[in-house]
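Notes follow once the structure below has been shown.
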Amino acid sequence: MPTLHRIGAIRICMYLNDHNPPHFHALLGNDAVQIKIADLTVLAGGLPPNALRSVLSWAADHRGLLATAWANYSE
C-alpha cells in the first residue's frame, strides 16, 4: 500500500486496484479509517477525533492529489 503523505504519525495510503468508491486510508497505530474522496465521508473504521480532523483538513486541501492517485492506482 503506497503511502501518499504523512501527517505526524498518521499515514495516508491507497491500495493498488482497490474497490470503489474512490477512497483513501488513514492509518495511526492500530486505528484505521477509509475516507471517500468525493465528499470526505468516513466509509469504515475510525481514528481518534483530533487525528481524524487533521486527516480531513489535509484531504480537503489535497482532494485533487487524492483523485489523481486513485486514477493512477486503479489502472
Determine the gain in length on full extension of the stretch Asp39-Leu65; use 0.36 nm per residue of separation and subtract their C-alpha separation, reporting nm with one decimal. 7.9 nm
Out of Thr3, Leu28, Met14, whose Cα points farthest toward the positive end of the dipole of the chain (charges: +1 Lys, Arg; -1 Asp, Glu; placed on Cβ)? Leu28
How would you rank Met1, Met14, going from fewest to most other Cβ atoms within 10 Å of each one's own Cβ? Met1, Met14
Between Asn17 and Asn72, what is the label-point separation in nm under the 7 Å Cα-to-beta-carbon projection? 1.9
Scoring the chain by relative contact order with C-alpha pairs under 8 Å, at least six apart, yields a percentage of 25
Cα extents of the range 14-75 along the three principal axes, largest first (Å): 32, 23, 16
Any idea what the dipole of the chain comes to, in debye rounded to 20, about its Cα centre with Lys/Arg Cβ at +1 and Asp/Glu Cβ at -1? 160
Degrees separating the helix 49-61 axis from the principal Cα axis of the chain, which is the longest one: 40
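None of the figures in this text is laboratory data; all of them are computed from the coordinates on show. It should be emphasised that the depicted structure is a prediction, and the values quoted were computed from it without experimental measurement. We place every Cβ from the backbone using ideal geometry, glycine too, and count neighbours over all the protein chains shown.
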